[in-house]
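Here the structure comes first, spelled out in structure tokens, and everything after it is commentary.
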Amino acid sequence: AMATAGPRSFSAAEVRARCAQGACLVSCHRRLYDLSGFVRLHPGGEQLLRRRAGTDVSAALDGPPHRHSANARRWLEQYYVGEIEPGDEQVPSRAEPGPGWARALGRPGDSIYRWPRCGVSVGCPRCRDLVDWQKPLLWQVGYLGEKYDEWVHQPVDRPIRLFHSDFLEFLSKTAWYVVFMVWTPVVLYLSWVSYTSLAQGNTRLFSSFTTEYSIPVHKYYFPFIFLLGMILWSLLEYLIHRFVFHMKPPASNYYLITLHFLLHGQHHKSPFDSSRLVFPPVPASLVIGFFYGVLRLLLPEVLGLSVFVGGLCGYVIYDMMHYYLHYGSPKKGTYLYGLKAYHVKHHFEHQKSGSFGISTRFWDYPFRTLIPEETFKKED
């Protein structure tokens, strides 16, 4: 049998030349990675990675200011391209990989630190995955059983196909702007209907119980009712994300595992699949219709519609913000920069324990699921 070719070697001069041409190559103890396709998505910002192009990042992975998680280190392995030629490697601030790196990948000489068939060290999801990525995943994941929960929370940088049917696959994907184009006209129209209906002066609270003490709802109240709907949506967003999307399906239940992957697991497995970051309009219509019906039962017709349209606006903002937190490059120090870093921690390190608010961290405070600020202490 033909021996598998070893990793390609790169000279320091070749690395410098590629970086000068715009590539973003970094090394970690002779291992070379091409991050050119990832720089814009980096939670710390593109410029941070650009400044490290052509350098050894082994010390930076252990921090400060941030110690990268085991999932982040596995993620890095997907961009492995080869080895720095002996004698050409830069000397990092430490002579050995930091403890975080050792936990994630092992150390040279360990039995787990080896070259699998694609030439990438342990941690590369392409080598040792439990599913066949050449086939639709939706009908495979249920067979993972007890291995599903760990597998789905080890993110990869590759697109996902869910269905055999091209039509169903098409319906399961959505460009970010589709949500804005479909639902913004609905928000504007229903806002106009709500305001003009309130302007007629016929809407009163508690009128079904008493006419003497019922409270009139004036048209000037509409902005506040609309805002109430947005606040209620933010709470609903948190509750759905935490208790529905992050339920842990029983390992023995094929159908619940499949449902979890369809609802949210796919997003955690491939967090940068741009076609699956917002909710497709067809299934969204069913969920939105359900909540509209609930509000109609609980509140007077126009009042329920006013709360509903505020909530619908909150949903549109949530979906747009969610896409931006994955693909946007907010300026360092801004609110969105902090929110992006917070959300990425949810994907790579705190998937099950915190950061369930997307458009706001507010509800993480009273529910005590806020991810604590990282207090860094360098290890010797």
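The values are calculated or read from the model by the stated rules, or taken from the named source; none is laboratory data. A quick note: this is a predicted structure, and the numbers were derived from the prediction, not measured. All Cβ positions, even for glycine, are placed from backbone atoms using ideal geometry, and neighbour counts span all protein chains on display. Side chains included, ligands, DNA and RNA excluded: accessible areas come from the protein's heavy atoms. Shrake-Rupley method; radii C 1.70, N 1.55, O 1.52, S 1.80 Å.
Just a few scattered comments:
- Filtered residues of region 366-380 (kept if modelled with pLDDT of 55 or more, hydrophobic (A, V, I, L, M, F, W, C) and open to solvent by less than 70 Å² (accessible area, probe 1.4 Å)): L370, I371
- Test: residue in region 307-327 that is modelled with pLDDT under 95 and not in a helix (DSSP H, G or I): no
- Residues considered: E77, E96, E85, E146. Of these, the only one that is surrounded by fewer than 13 Cβ atoms within 10 Å (Cβ to Cβ) and modelled with pLDDT of 85 or more is E146.
- Tally, over region 152-189, of residues that are part of a helix (DSSP H, G or I), touching a helix residue (DSSP H, G or I) at 6+ places or on another chain (Cβ under 6 Å) and either open to solvent by less than 50 Å² (accessible area, probe 1.4 Å) or of a type in the set (D, E, K, R) (or both): 4
- Checked against the criteria, V278 does not count as without any contact (Cβ under 8 Å) to a residue 60 or more places away in the chain, in the same structural domain as K173 (by the TED database), under 23 Å from T184 (Cβ atoms) and out of contact with any Pro (no Cβ under 6 Å at 6 or more places or on another chain).
- Candidates H346, H350 - the one that is within 14 Å of the chain's Cα centre (by Cα), of a type outside the set (A, V, I, L, M, F, W, C), at pLDDT 90 or above and within 30 Å of F38 (Cβ to Cβ): H346
- Residue in region 237-246 that is over 20 Å from S191 (Cα atoms), β-branched (V, I, T), open to solvent by less than 50 Å² (accessible area, probe 1.4 Å) and part of a helix (DSSP H, G or I) present: yes
- Matching residues, region 279-305, being open to solvent by 70 Å² or more (accessible area, probe 1.4 Å) and not aromatic (F, W, Y): V282, L286, R296, L297, L298, E301
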